[in-house]
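To start, the structure under review is shown below, and the notes come after it.
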Amino acid sequence: MDTLCRLMSPDLPLTIEPKRLARNGEVIAGQYAIHDMQRLGGLLHDQTGQVIFRLEFTFDERRNIPFISGEIKAQVKIQCQRCLGGMELKINNPVYLGIVADCAESITLPDGCEPLQTGEASLSLQGMIEDELILALPISAMHNANVCKATELINEINNKTGDSPFAALDKLTRKSCTNRRN
């Protein structure tokens, strides 16, 4: 019943205690506005849209480690690094985190599980979701070549250039070597 109430509640907690939530087997689902996430917003072309998430907290008795699993979805507008225009990117990021106290404890996590080191008992729910979204962004996003406005311009420039800028240097070097042999 507590899980259903949490899913229906429009108010999300500012901070969460992952260990307590894991011991109780809780689920938190909700959404945030992208414009409320300043670090993420600084990496985007614009800050419109919503982030939708569902996180399940479980506890592994054998390893004595709490886990967070679920998914984070968003549609963001990022900047194409070829034409510098905006482009849509759908993020559907699976989450599988093991809550650890230190690096040594992270060795015991199963394959595919990322460590989340918490020095304190609680952490910012929005901050954790924002971190996961930032990690899901591509390093250098570009439109497909057949869609990008800059592709035609780049092809035009490449066709006009013709010879390499070092072609003249190559000719001088060859001429110099020929003169020395004679």
Tally of residues being of a type in the set (D, E, K, R), surrounded by 16 or more Cβ atoms within 10 Å (Cβ to Cβ) and in contact with a strand residue (DSSP E or B) (Cβ under 8 Å, 6 or more places away or on another chain) across the stretch 81-114 | 1
Which residues, counting only those in the stretch 63-81, are modelled with pLDDT under 90 and charged (D, E, K, R)?
-> Arg63
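Yes or no, residue by residue, for (1) at pLDDT 85 or above; (2) touching a Ser or Thr at 6+ places or on another chain (Cβ under 9 Å); (3) among the polar types (S, T, N, Q); (4) at negative phi:
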| residue | (1), (2), (3), (4) |
| --- | --- |
| Cys83 | yes, yes, no, yes |
| Leu89 | yes, no, no, yes |
| Asn92 | yes, no, yes, yes |
| Gly98 | yes, yes, no, yes |
| Ala101 | no, yes, no, yes |
| Ala104 | no, no, no, yes |
| Ile107 | yes, no, no, yes |
| Pro110 | yes, no, no, yes |
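Residue-by-condition table, conditions (1) outside any strand (DSSP E or B); (2) aliphatic (A, V, I, L, M):
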residue	(1), (2)
Lys19	yes, no
Leu44	yes, yes
Leu55	no, yes
Phe67	no, no
Ala74	no, yes
Gln81	yes, no
Asn93	no, no
Thr108	yes, no
Asp111	yes, no
What's the number of the condition Gly127 fails, among (1) under 17 Å from Leu40 (Cα atoms); (2) surrounded by 15 or more Cβ atoms within 10 Å (Cβ to Cβ)?
-> (2)
Restricting to the stretch 38-80, what's the tally of residues that are of a type in the set (Lys, Arg) and within 12 Å of Leu133 (Cβ to Cβ)?
-> 2
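The values are calculated or read from the model by the stated rules, or taken from the named source; none is laboratory data. This one's a predicted model, so the numbers in the text were calculated from it and none came from an experiment. Note that each Cβ is placed from the backbone with ideal geometry, even for glycine, and that neighbours are counted across all protein chains shown.
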